[in-house]
Structures are given as C-alpha cells and as structure tokens.
Amino acid sequence: MATQVTLDTVCVPSDDVVAREIEGEIVIVPLVAGIGDADDELYTLNDTGKAIWQKLDGERTLADVVAALAQEFAASQAALEADVLGFAAEMTQRGILAAKA
Amino acid sequence: MPGVPPSSPFVSSGGELRLTNPGQLELLRGMAGRGIPLRQSVRGSSMAPFIRDQDVVTIAPMNGRAPRLGDVVAFALPGNERMAVHRVVARVGAGWLMHGDNCPEPDGVVASDDVLGRVVRVERGGRDVHLGLGAQGAWLATLQRCGWLARARAAWRAPRLATARALRAAQGLPLYRRAGRRLAPHSTIAEATKADLAAVQRRLAPGVPSQELSANPGVTRWVARRGAKVVGFVELVHHPEEHAPWVGYWLFSLLVWGPYRGLGVGEALTRRVIAEAVAQGATELLLAVYEDDARAVRFYWKLGFERVTVPALEPLLAAETAPSGRRRVVLRKRLEGSAHG
C-alpha cells in the first residue's frame, strides 16, 4: 500500500501501537491481536524522530511541525521538511503513525 | 514489515532493544493504565520452574479484579522502582504478600495499586508452558507460606548437587581422566563464530543479553565442540607495547563447562593457543591464574607453564587481591618452537 503524506497531513499515533516515554526514550510497542508485544518488536525513536514525535499533538499538520521545529533547531527549512516528511512516511509505512481522517 | 529496514535514521528496532527492569515497569504501568495486556520477556529464575530466565510472559491488566491467592502477578517491588513477577502467597491487611517460588525470602507486602497485572501465559522457545495457577497455585502459595516449598526444593535439588560434587571429585582422579580421554568422544577445536560467542556468553551470564564482541586483530578466540555443542572456550590476546604492563601474548578466559572437565578439552584448547602463539612468532605465552587454584596451577604446570614475576604487574595484582582476598599470579611458557625464539 503506497503511503502518501504531505505537509498538509495531520499524523497521529496509530491505534495499533502504544507509545510511552521511558527513561528519556520514546518507546513504541506494537499491538498484536490487542496485546502489546514488547518481546518480538519494540521501537525506540532516535533523536530526530523523538524531536518530531513530540510535536505531533493530533492537531498540527506536518507543515506546522516543521515550523515548530524551525524555532528550536538551526536547520534549513528544506532539511526540516525532508526530515519531517521522511519520518512521517516511514512511520506510516511501519504502521506506527496514521493520517488523521 | 516488508520493505522497511529494521532501523533507520529515525527509529531503532529489533531484538537488540531491551528495556531495563525499571523501563519494563514503566511500560507495564502504561499498558495497565490503558487496560492492554503486555507480552514481554522476563529475566531471572525467581519463579523457576514455572517461569525461567528469558521466558516470554503475557501480563493481563487487573482491570479492577483483586489478586487471588496463588496468582502470579507483576508488581512494583516495595521500596523501589523495580518490577517483579512473583506469586501471591497471602493477604496481609489491605495488601498482598508476594514470594517468588524459587526465592528464599518473600518480597514483602504489596499494595493493590502496585499490582499491575497477572501472568496469564508463559512461552518458552515458542511453546506455551504450564504456569501453575488456580488450585495448584493456591496450594503452592500455601506451601510457600508455611516454608515447605523451600524444603521440597532442597530435597529435589539434593541428588543433583550430590551428583555434581561427586563428578567434580571424580574429575580430579587420574583414573577418571585416563578413562575419559580414551572413552569419551573427542572434542574439536575451532575458531569461534558469532553464534559460538553468544553461546559462551549465555553460559557465563545466563539471562544477560549477549553482546557482540568487537573484532580485534590482536584477539583470537576458539571454542571446543562436542558435536554441535560448545563445551569450552579460550582466547589468545596479543597486547602491543601500549598495553603495558599487560604486554605480549596472553592466554585468557580458558573455560570448560563442568561436565566436560577431566576429558582433555582444556588441554586441547591450551595447545591450540600455544600453536597459534608460535605461529604468530611469540617467544613466550603468559597467563594469570589464582594462586590458590591448585588444580589450574597443576594443569598449566604439566603443559610447561612456570610461575614468573612481572614487576610491572605486581602492583595491579596486589591491588586486585584486596577486595577478593584471592591473589592472581603470572605463569609463563617459553615457546621454543617459535621462528623468532
């Protein structure tokens, strides 16, 4: 299934995962048949992913996320957009994020 | 997930990720708060034989259900932020007395709010295993509370301990060693693969996730195998000058698994190290051994190692004696076959 996210997309955590900040890390546990499976597959976000994830409040579009990050990080707009779109595309492909309807 | 690499610039995933115990507790709290069961591996053998190290347990949230006598529950240990998975053995006031089936002492009384879920499933090697709940759990809880479970455990272990002691004694007998070397199948010595090293680490530190050892041109590692089973391990380490005072060729970490001692495995591993040191041009091979380990000292002496004093190492060896009370000494074998010697 092709994953299409744009700067206008609002991304939210998928219903198929549980995410929690543990010891300074964003830990994401996939749900398999309604059970959180921390044995077979567990994700943690790296620094870039964590910074983006923390801006996803269920209301911001990805463009808003880029703007919020631009206030914190000295990176070009193009680089931030590439990171945010790349992150969102990958996370939706993994089933961790979903586009808000 | 097809087409998605396990890790990327944004995310790490896969089997190498392991939560710490407090991390597991925190995750369990999060899952319990949302009423979602959690499946995760557990460490340790405090609930053996029902739950063993690295077993995967499924912990269902309590969802308002009170713990019952004999339940195996996950909870925050009293007084610290660590998680345990033990059995409910008694009701004490408003709380619950917890005790691991394989623990000498109870954990203490745990408040209902700190009981985060009950174990409903245990998997070992991909298969479900019996957990001992219901009437059996209540019976075990009663036995534990009365102190009879510990006695039963000791009685159960006694024959195995006696066998191990007898085997250890026999392994020191020349007759056993001679017969063993003739009759037991020979082990093969091979350079250690990653899988071998993981097996060695599991043996040395059960329950601790194995870490990949970094490739180092100065270190060669071998294992002894009986069939497909790893039964021994050794390292040859070549320390250059900047590693002073541990300079030169060193034999480290010679290990032979208990049941395979006395059968020539250690000697075969040591001879492999000696041969490799000679091939690398070493003029001597060194090792450190506990002075009071008479069996090891005699073993190396038979293979031509003699005690030497390395002045630069003496302060280090003396310093490490203080905490343990055991003194290591250096043994050396001159390698006459060396091309340089």
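The values are calculated or read from the model by the stated rules, or taken from the named source; none is laboratory data. Quick caveat: nothing in here was measured; it's all calculated off a predicted structure. Quick reminder, even Gly has a Cβ in these numbers, built from the backbone with ideal geometry, and neighbours come from all protein chains shown. Surface areas here come from the heavy atoms of the whole protein model, side chains and all, with no ligands, DNA or RNA. Shrake-Rupley method; radii C 1.70, N 1.55, O 1.52, S 1.80 Å.
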*Return the only residue of B:V85, B:V119, B:V56 being touching an Asp or Glu at 6+ places or on another chain (Cβ under 7 Å) and within 29 Å of A:V27 (Cα to Cα).*
B:V56
*Pick from region B:65-88 the residues that are within 14 Å of chain A (Cβ to nearest Cβ) and of a type in the set (D, E, K, R): which of them is nearest to B:L149 (Cα to Cα)?*
B:R82
*Any chance you could count how many residues in region B:161-198 are open to solvent by 60 Å² or more (accessible area, probe 1.4 Å), without any contact (Cβ under 8 Å) to a residue 40 or more places away in the chain and in contact with a strand residue (DSSP E or B) (Cβ under 7 Å, 6 or more places away or on another chain)?*
2
_Let me spell it out: the conditions are (1) in contact (Cβ under 8 Å) with a residue 12 or more places away in the chain; (2) surrounded by 14 or more Cβ atoms within 10 Å (Cβ to Cβ); (3) part of a loop (DSSP other than H, G, I, E, B), and A:A88 meets all of them except one. Which number is the exception?_
(3)
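Yes/no matrix, rows are residues, columns are (1) in contact with a Lys or Arg (Cβ under 8 Å, 6 or more places away or on another chain); (2) of a type in the set (A, V, I, L, M, F, W, C); (3) open to solvent by 20 Å² or more (accessible area, probe 1.4 Å); (4) modelled with pLDDT of 90 or more:
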| site | (1), (2), (3), (4) |
| --- | --- |
| B:G70 | yes, no, no, yes |
| B:R82 | no, no, yes, no |
| B:A111 | no, yes, yes, yes |
| B:A135 | no, yes, yes, no |
| B:W148 | no, yes, yes, no |
| B:R151 | no, no, yes, no |
| B:P159 | no, no, yes, no |
*Selection from region B:49-64 of residues that are open to solvent by 60 Å² or more (accessible area, probe 1.4 Å) and away from chain A (no Cβ under 14 Å)*: B:P49, B:R52, B:G64
*Any idea which of B:R298, B:R225, B:R307, B:R221 is assigned to a helix (DSSP H, G or I) and of a type in the set (K, R)?*
B:R298
_Looking only at residues that are touching a helix residue (DSSP H, G or I) at 6+ places or on another chain (Cβ under 7 Å) and assigned to a loop (DSSP other than H, G, I, E, B) in region B:68-89, which one is farthest from B:D113 (Cα to Cα)?_
B:G70
*asked:* Considering only residues that are open to solvent by 50 Å² or more (accessible area, probe 1.4 Å) and in a loop (DSSP other than H, G, I, E, B), which ones fall in region B:280-295?
replied: B:Q280, B:T283, B:E291, B:D292, B:D293
*Among the numbered criteria (1) facing another protein chain (nearest Cβ under 10 Å); (2) in contact with a strand residue (DSSP E or B) (Cβ under 6 Å, 6 or more places away or on another chain); (3) in contact (Cβ under 8 Å) with a residue 60 or more places away in the chain; (4) open to solvent by 10 Å² or more (accessible area, probe 1.4 Å), which single criterion is violated by B:N21?*
(1)
*Hey, among the residues in region A:31-54 that are within 7 Å of another protein chain (Cβ to nearest Cβ) and touching a helix residue (DSSP H, G or I) at 6+ places or on another chain (Cβ under 7 Å), which one's most open to solvent (accessible area, probe 1.4 Å)?*
A:T48
*Determine, yes or no, whether A:D57 is within 13 Å of chain B (Cβ to nearest Cβ), exposed (fewer than 14 other Cβ atoms within 10 Å of the Cβ) and in a loop (DSSP other than H, G, I, E, B).*
no
*Scan of region A:14-23 for residues that are open to solvent by 40 Å² or more (accessible area, probe 1.4 Å) and either in contact with a Ser or Thr (Cβ under 7 Å, 6 or more places away or on another chain) or assigned to a loop (DSSP other than H, G, I, E, B) (or both), ordered by number*: A:D15, A:D16, A:E23
*asked:* Let me spell it out: the conditions are (1) farther than 14 Å from B:F10 by Cβ; (2) facing chain B (nearest Cβ under 9 Å); (3) in contact (Cβ under 8 Å) with a residue 40 or more places away in the chain, and A:I28 meets all of them except one. Which number is the exception?
replied: (1)
_I need the full set of residues from region B:33-48 which are more than 7 Å from chain A (Cβ to nearest Cβ) and either open to solvent by less than 20 Å² (accessible area, probe 1.4 Å) or modelled with pLDDT under 90 (or both), in order please._
B:G33, B:V42, B:R43, B:G44, B:S45, B:S46, B:M47, B:A48
_Checking the condition more than 18 Å from B:A66 (Cβ to Cβ), among the charged types (D, E, K, R), out of contact with any Cys (no Cβ under 7 Å at 6 or more places or on another chain) and surrounded by fewer than 11 Cβ atoms within 10 Å (Cβ to Cβ), which residue from B:R121, B:R127 passes?_
B:R127
*Any chance region A:69-84 includes a residue that's under 29 Å from B:G23 (Cα atoms), buried (at least 19 other Cβ atoms within 10 Å of the Cβ), in contact with a helix residue (DSSP H, G or I) (Cβ under 8 Å, 6 or more places away or on another chain) and within 12 Å of chain B (Cβ to nearest Cβ)?*
yes
*Please specify each residue of region B:249-263 satisfying the condition of being over 16 Å from B:V200 (Cα atoms), open to solvent by 20 Å² or more (accessible area, probe 1.4 Å) and at pLDDT 90 or above.*
B:Y249
*asked:* Residue under question is B:R334, and the condition is that it be touching an Asp or Glu at 6+ places or on another chain (Cβ under 6 Å) and surrounded by 13 or more Cβ atoms within 10 Å (Cβ to Cβ); does it hold?
replied: yes
*May I ask you to verify whether A:T9 is more than 13 Å from chain B (Cβ to nearest Cβ), of a type in the set (S, T, Y) and not in a strand (DSSP E or B)?*
yes
